[in-house]
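The structure appears below as structure tokens.
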Amino acid sequence: MTNATIQEIEGIDDYWGPAFRSVYEGEGGHEAFVQQLDERIQQHDKEIEKLCNFYYQGFIDSIRELLQVRSHAEELHAEISNVDANVKESTESLCSRAEELIKARRVELNIAATIEKMELCLPLLTTYSKLKTQVEAKRYYPALKTLEQLEHAQLPRVGAFAWCARIAADVPRLRRDIRDASMADLRDFLEHVRQLSPQVGAMALVQTQDMLGRSLANIVKNRKESAAAARESGGAQCPHELVDCSPLHRCLHIHSVLGAKNDFVQYYRAQRKQQARLVLIPASGNLHDSIQSLKNYLNAVLGFFILEEHLLSTGAGLVSKDWLLDTWSMAVTKVASTLRTNTSLITDPTLMLSIKRQIVLFINALKCYGLPTDPLPLLLQEMAEHYTEVLMQRWVVVFRDILDNASFQPIEVENQEQFDAVMDTFPFDADELETLPFPRKFPFSALVPALYVQVKEFIYAWLKYSAGLGLGGARRAAQARHSAALLLSRSFAGCLAALFRRPLPLMQLVQIIVDTQYLEDATSFLYEFISNITGSELTTTQTAGSMFQAARDDAEKQICENLEKKVDEFLDLENYDWLLVEPTGQASSFVTDMLGYLTGVLSSLEQLPERARVAAARAATARIASRLRRALLAPGVRQVSAGALHQLDLDVIQCEQFAAGEPVGGLREGELLEQFAALRQLLDLVTGWDWACYLHDVGLGAGRYALVPPRDAAALLDKLREAEQKSSVFSVLKKNERDRRKLLDTVLKQLRQLQNQDG
């Protein structure tokens with residue numbers, strides 16, 4: 001180093017500063033430099049001496065120059081010493097400055113390291129602050145993603161700091177808070193969905209109704225209305241768009257990130273199933289009070305399952321097909337049961353029609369969303385039966401009003417206008433009637449066209465219910481015929497039965513029977529009317545003459561009862577003189593009057609069926625025979641004279657002539673005479689005094705007096721004996737009378753013996 005420095009000094013003539021600086025900066029370089037410099041001087045001295053010796057003169061000159069150089073060297077040495085002192089002074093301040101610089105550099109490095117660490121920690125702190133902000137803003141899914149980045153990426157990179165440990169310890173709590181907050185949002189969402197379900201269902205039903213009634217004009221109109229409704233509802237074009245499902249999807253994503261997706265799905269399904277049970281309970285309690293209650297109920301149910309069906313395709317496994325069908329199966333069964341219970345209480349057919357339309361619309365909406373509709377079609381069938389019953393109850397009131405206001409007189413028209421009015425309301429073959437002059441009289445009363453019109457109104461009302469059920473024309477016609485037949489055979493017949501509970505005039509009963517016959521004949525026209533409306537083939541399911549048979553039976557029975565009462569009135573007005581000495585020689589006047597009345601009445605029954613006329617004649621003759629026989633054998637009559645017996649015989653003969661004359665057609669020969677056979681045999685036995693034959697034939701079924709029991713014969717014979725004893729108590733009996741008395745006593749004794757044997 002020193003040799004190099006000396007060489008450098010020797011080689012440079014102008015600027016020696018760097019050489020001197022290297023000397024003073026080097027460690028121990030000053031002494032070595034001086035020593036080397038001395039050695040170099042000595043070396044140069046030797047060379048100079050050699051040169052001097054070689055070049056003496058030159059040497060002298062050189063010495064002289066060297067002396068000069070020496071002086072210069074001393075000056076230089078002095079200068080160098082000064083420079084050295086100055087350099088030492090300068091280097092001391094420089095070293096202190098260097099130490100200060102080193103300290104500053106160390107601080108700078110520490111600051112740089114600190115800045116580097118701070119730059120590394122700053123994203124963590126920023127992320128943590130962002131996480132807090134997201135949690136406060138309820139942006140839980142981004143917060144969860146930020147939390148995952150904080151936990152797995154930034155915390156390991158920062159290193160172990162106390163505050164990092166606190167943040168790491170706070171991560172589970174934050175995750176738990178996010179999960180709890182998302183579950184709170186889910187509960188709010190479920191409550192919000194429950195409130196919006198009726199609106200979803202209502203919109204779906206409106207769209208379904210628009211689709212069912214679709215035409216070009218309706219499509220254009222509905223497109224404008226739907227656009228306006230969409231603007232009002234915030235742009236919703238589909239029912240499920242009314243509900244913002246993003247909170248639900250966020251909760252699902254959050255739990256998926258947390259690894260609790262299955263637990264979340266199970267919780268959601270359990271909550272929705274519980275909500276479904278609540279939806280299936282009507283909010284208003286009674287759905288049969290108004291149609292709006294039913295609409296709200298069906299809207300809520302439909303809206304609930306529309307949202308679930310939407311989540312089936314967009315919920316990422318939140319709703320499964322099996323779970324949806326299982327929940328719907330439970331729900332539709334409950335819906336059908338609720339509707340069945342509430343509709344069974346409805347008595348208003350208009351409300352029933354509105355409910356039916358709403359249920360049909362509900363079924364069509366379910367089909368649009370792919371949900372099974374069973375057992376709702378069966379419910380509509382049951383409602384059809386109940387609707388028929390409701391209509392029949394309403395028409396019962398109409399029938400009662402018609403019957404209460406009916407005059408039961410044949411319709412009589414004065415002019416062609418009135419005639420045409422009757423023909424327009426009731427189908428009647430009036431060819432014969434049209435040939436007659438006015439006034440014309442129809443065979444039926446005003447009851448028949450009034451009832452015919454009401455039955456047509458009933459059919460119209462019933463067909464309103466069957467519309468929209470998807471039934472074929474033949475099936476609708478069959479059910480309409482069945483309902484119309486039920487209305488006539490049960491409701492109207494029931495009204496007639498109630499009418500028959502009070503006594504009616506005979507001619508009213510006759511007219512009722514005639515009217516029912518014309519109504520039955522008109523059923524074929526009703527069936528043709530039904531076929532024309534429904535567009536089906538005409539078929540007949542009700543046989544003629546059987547629809548009102550029970551009502552006619554009641555009318556015929558009451559006709560018979562009226563005739564029997566009239567017979568009783570005639571017989572009660574006149575009392576027999578059972579102690580009559582001599583008969584009048586002819587039938588009693590009241591018997592003649594009674595038979596004349598019966599003849600007129602039975603002849604007025606020509607419009608009735610033969611069976612009714614025969615039954616009336618049988619009832620009247622049977623009543624006459626039984627009343628005469630009971631009057632003769634009544635316990636209150638203790639004495640009967642022969643004259644009274646002969647008078648009764650004349651009356652019976654008159655009655656037998658009436659019976660033999662067959663006052664009505666259709667009777668067997670001698671049928672009415674059989675009613676008087678028992679009385680005739682008793683009178684012939686007593687008046688003919690044919691006791692020997694009677695006692696001989698008694699007990700034989702083919703005897704002449706087979707219809708006379710010993711009890712009746714003994715009772716009548718006892719009454720004759722009492723009358724004879726009273727008439728002869730103060731007279732002397734002749735021999736033949738005494739013999740007759742003895743015979744009478746003997747016969748009476750034998751009859752009583754026979755009576756005791758029979759007893």
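Grab the Cα-Cα distance for T347 and I533, subtract it from 0.36 nm times how many residues apart they are, and report the gain in nm with one decimal. Don't skip to the end; give the middle numbers.
On the way: separation 186, 0.36 × 186 = 66.96 nm, distance 2.63 nm.
Extra length from T347 to I533 when fully extended: 64.3 nm.
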| note | For the range 281-331, shape from the Cα gyration tensor axes a ≥ b ≥ c, cut at a/c of 1.5 then a/b versus b/c, turns out prolate
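Protein chains only, probe 1.4 Å: how do E574, E31 rank by accessible area, largest first?
Numbers: E574 85, E31 120 Å².
Largest accessible area first, the list is E31, E574.
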| field | Cα pair distances in the range 580-621, grouped into 5 Å bins until the bin that holds the longest one, percent each | value | 5, 20, 22, 17, 11, 10, 7, 5, 2, 0
| said: Run the reach check for K132 against lysines, Cα to Cα strictly under 23 Å, same-chain hits fewer than 8 apart removed. What comes back? | reply: K117, K145
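Please list the three semi-axes, largest first and in whole Å, of the ellipsoid equivalent to the range 625-689, using sqrt of 5 times the eigenvalues of its alpha carbon gyration tensor.
Values: eigenvalues 120, 28, 19 Å².
The equivalent ellipsoid of the range 625-689 has semi-axes of 24, 12, 10 Å.
What's the FRET efficiency of S129 with D263 using the Cβ-Cβ distance as r and R₀ = 41 Å, to the nearest 0.05? Don't skip to the answer; put the middle values down first.
Details: r = 31 Å, r/R0 = 0.75.
Result of the calculation: an efficiency of 0.85.
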| In nanometres, what is the gap between the two model label sites at D180 and Q195, each 7 Å from Cα along Cα-to-Cβ? | 2.5 nm
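Quick one: net charge of F444's neighbours, Cβ under 13 Å, K/R +1, D/E -1?
On the way: positive: R440, K441; negative: E412, D429, D515, E520, D521.
Taking every Cβ under 13 Å from that of F444, the sum is -3.
Suppose accessible area is computed on protein heavy atoms with a 1.4 Å probe; arrange D177, D697, D515 from highest to lowest. List each step's numbers first, then the result.
Numbers: D177 60, D697 35, D515 0 Å².
Greatest to least solvent exposure: D177, D697, D515.
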| task | For D521 and A32, calculate 0.36 nm times their separation in residues minus their Cα-Cα distance, and state this gained length in nm to one decimal. | result | 160.2 nm
| How far is it, in nm, from the label point at E561 to the one at A73 when both lie 7 Å from their Cα along the line to the Cβ? | 17.9 nm
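Once R0 is set to 45 Å, what does the formula 1/(1 + (r/R0)^6) return for the Cβ-Cβ distance between K46 and R105, expressed as a FRET efficiency to the nearest 0.05?
Details: r = 51 Å, r/R0 = 1.14.
Calculated value: 0.30.
What is the calculated FRET efficiency for E39 to E89, with r their C-beta to C-beta distance and R₀ = 30 Å, to the nearest 0.05?
Working: r = 29 Å, r/R0 = 0.96.
In this case the efficiency is close to 0.55.
Quick one: ranking T516, T592 by accessible area, 1.4 Å probe, largest first, what do you get? If you can, show how the numbers build up before the last one.
On the way: T516 5, T592 65 Å².
So, going from the largest accessible area down, we get T592, T516.
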| query | What is the distance, in nm, between label points placed 7 Å from the Cα along the Cα-to-Cβ direction at K441 and at K273? | reply | 7.9 nm
| Quick one: Cα centre-to-centre distance for the range 372-432 and the range 236-265, in angstrom? | 59 Å
| said: Let me cross-check R40: its accessible surface, 1.4 Å probe, with only protein heavy atoms counted, in Å² to the nearest 10? | reply: 70 Å²
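The values are calculated or read from the model by the stated rules, or taken from the named source; none is laboratory data. Since the structure is predicted, the reported quantities are computational estimates derived from the model, not experimental observations. When we count neighbours, we look across all protein chains shown, and the Cβ atoms used for this are built from the backbone with ideal geometry, even at glycine. The area values use the complete protein model at the heavy-atom level, side chains included, leaving out ligands, DNA and RNA. Shrake-Rupley method; radii C 1.70, N 1.55, O 1.52, S 1.80 Å.
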